[in-house]
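Here's the structure we're looking at; comments come further down.
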């Protein structure tokens, strides 16, 4: 036995139903989504309900203050569409607010440091959030249930409070230095100045009131109504340049997916501004350079690594961007008719800017970090500019007009390698969803080395070491070196399968059932299929 790896193994079973399945980075969010299927909703209703529930159960990754992409496959239209609700810079953005400072560390994107890290933390790091606009537009266009129905599980969760388990305590502890800078954030996440104990709940009165207001007044109130006024007032009081006019001007971009082919399947991604180009480039390389055998072998990992390195090298030349860190959430949904959704959205960093707006309880993003503080680059700052380069990579595969699977992941630069490999494993080797999620992975992004999970075996590691500077690192609970995927698959018999990251203690999948919520402390954390 190799004594340099942890001496245990973790597995999760995929769940299945003919009525549909939701997979997410938190089991209760997956249940909130699956409950929409039980109410007669479709995959869009389920995905949006799941995404909204993450405001309460996984707030450090995404929420009302975030942005992202929703990719939808319509079984009736046999067509994919993308809702791009990425963050937008305020019209009054001033590059002078972000002077370079050699005493500060480089940003999470690899850009030169900015004085007081103003582009990474605090009110100056916040872009216009698109989550409410994007999720509600997809629901209006493609869903079957009302906005209020879809929000109901999230409101019930918020009334109970943030569920604290050891994983929550870990996430808060990792961001303590950021959280303690903001009084409203500290009040929620650092009671008595330290992370809360597991098996407790943290009250969320301001966020609960905001969610109820959104349910009663509709999503437009976030950008145009009294709620928008509260948001703008909080932002400007804290020093943000976002105005009520900026909120009112926010729009969602709807467009065709960026698509390619692999092993006879059509691969649809969220577009040029997502990680999709890199995923398709990797798959193109693999199709041209790998003839799959009966099972995964050393040659598989070499081809995957070379394909990923080439895709990332092309990307870096194009945008000059090399994101090294970030926190995101992905969820996938399928219904009994074969509609599918792959949805990824984010606050960017863990706990985003670290700012909770006092009046509304909304945790805000730090997506100004996406932009280069230096002028003259494709991702430099400009008033009204939308985030135009991201690692988020929601993906749906179809064949002959039927959706096969939807998959995506969180984890910054790890997202594309993870999503591309799961896509390739499913199509190259005909794996089940559970098999693909349990197959060891590599991580490669043209950074000068390749990381590999030792579970793939000595032969594969030796072959990789012939070509690459090899890092051997086990797939663990933390740090997430190989990303955190969630996916769904519909087989030829109409069974809908769901699977989430095997090593996350809170990720899970759920099938169509009414939503139920515990009310007391000490609730067992698990997954109900």
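Readers should treat all values here as calculations from the given coordinates under stated rules, not as data from a laboratory. This structure is a prediction, so every number in the text was calculated from the model and none was measured. Every residue, glycine among them, receives a Cβ derived from its backbone with ideal geometry; neighbour counts consider all protein chains shown.
Before anything else, pin down the relative contact order of the range 326-467: Cα pairs under 8 Å, at least 6 apart, normalised by residue count, whole percent.
Details: 210 pairs, mean separation 25.7, N = 142.
Over the range 326-467, the number comes to 18 percent.
With an 8 Å cut-off on Cα pairs and a minimum separation of 6 or more residues, tell me the relative contact order of the range 445-515 in percent.
On the way: 69 pairs, mean separation 15.3, N = 71.
Relative CO of the range 445-515 lands at 22 percent.
Figure the gain on full extension for residue 493 and residue 209 (residue separation times 0.36 nm, minus the Cα-Cα span) and round it to one decimal in nm.
Details: separation 284, 0.36 × 284 = 102.24 nm, distance 4.40 nm.
That works out to 97.8 nm of additional length.
Return the Rg/Rh value of the range 268-403, two decimal places, where both radii are evaluated on C-alpha atoms and Rh is the Kirkwood radius.
Numbers: Rg = 18.3 Å, Rh = 17.6 Å.
Expressed as Rg/Rh, it is 1.04.
Got a sec? Which residues in the range 401-419 would a label at residue 79 touch, if it sits 7 Å along Cα→Cβ and we count backbone N under 17 Å?
Only 401-403 fall inside the zone, counting backbone N under 17 Å.
State, to one decimal in nm, how far the label point of residue 476 lies from the label point of residue 291, with both points 7 Å from Cα in the Cβ direction.
4.1
Cα centroid distance between the range 157-211 and the range 491-509, in Å?
The distance from the Cα centre of the range 157-211 to that of the range 491-509 comes to 28 Å.
List the relative contact order of the chain as a percent without decimals, with contacts defined as Cα pairs under 8 Å and 6+ residues apart. Don't skip to the end; give the middle numbers.
Details: 1332 pairs, mean separation 139.3, N = 529.
It rounds to 26 percent for the chain.
Report, to two decimal places, the Cα Rg of the range 450-493 normalised by 2.2 N^0.38 Å (N = number of residues).
On the way: Rg = 14.3 Å, N = 44, 2.2 N^0.38 = 9.3 Å.
Expressed relative to 2.2 N^0.38 Å, the Cα Rg reads 1.55.
Where does each of 335, 266, 443 land when they are ranked from fewest to most other beta-carbon atoms within 10 angstrom? Show your work: numbers first, answer last.
Values: 335 28, 266 19, 443 24.
Least crowded to most crowded, the residues run 266, 443, 335.
Can you sort 393, 484, 496 by how many other beta carbons sit within 10 Å, fewest first? Before the final figure, lay out each step's value.
Values: 393 31, 484 24, 496 27.
Going from least to most buried by this count: 484, 496, 393.
What shape does the range 330-382 take by its C-alpha gyration tensor, where a ≥ b ≥ c are the square roots of the eigenvalues and a/c under 1.5 counts as rounded, a/b above b/c as prolate, and the rest as oblate? Write out the running numbers ahead of the final one.
Values: a/c = 3.77, a/b = 1.49, b/c = 2.52.
Oblate, since a/c reaches 1.5 and b/c is not below a/b.
Over the Cα atoms, compute the radius of gyration (one decimal) and Dmax (the largest Cα-Cα distance, rounded to a whole number) for the range 100-227, in Å.
18.0, 53
May I ask you to compute the full-extension gain from residue 317 to residue 455, defined as 0.36 nm times their residue separation minus their alpha-carbon distance, rounded to one decimal in nm? Intermediate values should be presented prior to the final figure.
On the way: separation 138, 0.36 × 138 = 49.68 nm, distance 3.31 nm.
46.4 nm is the gain from fully extending residue 317 to residue 455.
Would you kindly work out the equivalent ellipsoid of the range 1-107 from its C-alpha gyration tensor and give its semi-axes, the square roots of five times the eigenvalues, largest first in whole Å?
The answer is 34, 27, 14 Å, longest axis first.
Given labels modelled 7 Å from the Cα in the Cβ direction, how far is it in nm from residue 200 to residue 447?
It is 3.5 nm.
Calculate, axis by axis, the spread of Cα positions in the range 369-420 along the three principal axes, and write the results as whole Å, longest axis first.
Sorted largest first, the three principal extents are 45, 23, 14 Å.
Taking a virtual spin label 7 Å from the Cα of residue 140 along the C-beta vector, which residues in the range 229-250 bring their backbone nitrogen under 18 Å of it?
Residues 229, 246-250 qualify, since their backbone N sits under 18 Å from the label point.
Pull out the extension gain between residue 259 and residue 192, defined as 0.36 nm times the separation in residues minus the alpha carbon to alpha carbon distance; nm, one decimal. Write out the running numbers ahead of the final one.
Numbers: separation 67, 0.36 × 67 = 24.12 nm, distance 5.06 nm.
Working it through step by step, the gained length comes to 19.1 nm.
Starting from the eigenvalues of the Cα gyration tensor, five times each then square-rooted, give me the equivalent ellipsoid semi-axes of the chain, largest first, whole Å.
Details: eigenvalues 211, 146, 104 Å².
Equivalent-ellipsoid dimensions as semi-axes: 32, 27, 23 Å.
Beyond 19 Å, how much of the Cα-Cα pair distribution for the range 423-502 remains, as a whole percent?
Pairs farther apart than 19 Å: 45 percent.
Modelled label-to-label distance, residue 148 and residue 236, 7 Å Cα→beta-carbon offset: nm?
Label-label distance for residue 148 and residue 236, simple model: 3.2 nm.
So if we plug the beta-carbon distance of residue 8 and residue 337 into 1/(1 + (r/R0)^6) with R0 = 41 Å, what FRET efficiency do we get, rounded to 0.05?
0.55
From the helices alone, meaning DSSP H stretches of at least four residues, give me the mean residue ellipticity at 222 nm for the chain, per-run term -39500 (n - 2.57), in deg cm²/dmol to the nearest 500.
On the way: 16 runs with 174 residues, N = 529.
Result for the chain, helices only: -10000 deg cm²/dmol.
Once the convex hull of the alpha carbons of the range 233-339 is built, what does its volume come to per residue, in cubic angstrom?
Values: hull volume 22.5 nm³, N = 107.
Given the Cα convex hull of the range 233-339, per-residue volume reads 211 Å³.
What fraction, in whole percent, of alpha-carbon pairs in the range 375-474 exceed 21 Å separation?
49
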